[in-house]
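The structure appears below as structure tokens.
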Amino acid sequence: MNTREHLAHQLAEAVAEALRSDLAHQERALLVVSGGSTPVPFFQALANKALPWARVDVTLADERWVAESASDSNARLVREHLLTGEAAVATFVPLTTGDETPEQGTAVVGERLASLAWPASMVILGMGGDGHTASLFPDSQELPLALSTEEPVVAVRTPSQPQARITLSADRLHQAKRHVLHINGEDKRSKLAAALGGDDVQALPVRAFLACPLAIYWAP
Ligand code: 6PG
């Protein structure tokens, strides 16, 4: 097992522990995961953990406004890599609707999320090379709104990204009981070091989560 796989297994164990602990005293637990390429080995490790998965809801920190069949759909990633094995009986709650735009879909997604067991047991965040996390992008016009609103989700249009997106708001992400940043590679370590060295959240939105507290799972 290489270092990244080892890290993914350690994270899966920590998440499983958190879910078991919460499920010991609550009927349902909510896990919020991120998309992208980093989480795949983590999803695969977590899917094999023995848990009362039937009492677990899984949703996303953010999503591209694409059909679930699209290759860059985070929902597809979660269904293929996390909702298998032991975890196949978990309930997945997607962030997209049949609407044409995320602006049209936010109200329905917000209602869908309202029925879940907030605060989430854990939020697993990723980070892009520009310091974005979830779909809180430094170049998006909706960033100030996503950082300040008490609404659960925000539609996001970002010049650097090909698709419109929907993201949980910073407020909703903050409300989780536990926060993890899962990143790999030297570039992301440098970006995280830069984030830790300053305060401007608009410039590096991951800064919004540095004081959650945030557990950092990093491998070279
Ligand atoms: C997504 C998430 C994003 C992701 C980072 C890191 O892509 O769905 O919006 O926040 O976590 O971009 O992505 P990688 O893991 O692919 O580097």
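The values are calculated or read from the model by the stated rules, or taken from the named source; none is laboratory data. As the structure is a computational prediction, the values presented were derived from the model and not from experiment. Virtual Cβ from ideal backbone geometry, glycine too; neighbours counted across all protein chains shown. Note: accessible area is taken over every heavy atom of the protein model, side chains too, but ligands, DNA and RNA are not part of it. Shrake-Rupley method; radii C 1.70, N 1.55, O 1.52, S 1.80 Å.
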>> Looking at 47, 29, 14, 18, can you tell me which residue is open to solvent by 10 Å² or more (accessible area, probe 1.4 Å) and either farther than 15 Å from residue 217 by Cβ or more than 15 Å from the chain's Cα centre (by Cα) (or both)?
In response: 14
> If you scan the range 46-65, which residues turn out to be part of a helix (DSSP H, G or I) and within 16 Å of the ligand (Cβ to nearest atom)?
Replying inline: 46
>> Yes or no: the range 95-111 includes at least one residue that is open to solvent by 10 Å² or more (accessible area, probe 1.4 Å) and within 16 Å of the ligand (Cβ to nearest atom).
In response: yes
> Can you name the condition, by its number, that residue 92 falls short on among (1) within 16 Å of the chain's Cα centre (by Cα); (2) exposed (fewer than 15 other Cβ atoms within 10 Å of the Cβ); (3) not in a loop (DSSP other than H, G, I, E, B)?
Replying inline: (2)
>> Under 7 Å between Cβ atoms, which residue pairs at least 6 apart in sequence (or on different chains) link something in the range 113-134 that is farther than 22 Å from residue 28 by Cβ and touching a residue at least 24 places away in the same chain (Cβ under 8 Å) with a partner that is near the ligand (Cβ under 9 Å from one of its atoms) and among the charged types (D, E, K, R)?
In response: 127/188; 134/62
> Looking only at residues in the range 115-166 that are of a type in the set (Gly, Ala, Ser), more than 15 Å from the ligand (Cβ to nearest atom) and assigned to a loop (DSSP other than H, G, I, E, B), which one is surrounded by the fewest Cβ atoms within 10 Å (Cβ to Cβ)?
Replying inline: 115
> What do you reckon, is residue 169 closer than 29 Å to residue 25 by Cβ and either modelled with pLDDT under 95 or within 16 Å of the ligand (Cβ to nearest atom) (or both)?
Replying inline: yes
>> Being assigned to a helix (DSSP H, G or I), open to solvent by less than 60 Å² (accessible area, probe 1.4 Å) and within 12 Å of the ligand (Cβ to nearest atom) is the filter here; which residues of the range 66-83 pass it?
In response: 74, 75, 77, 78
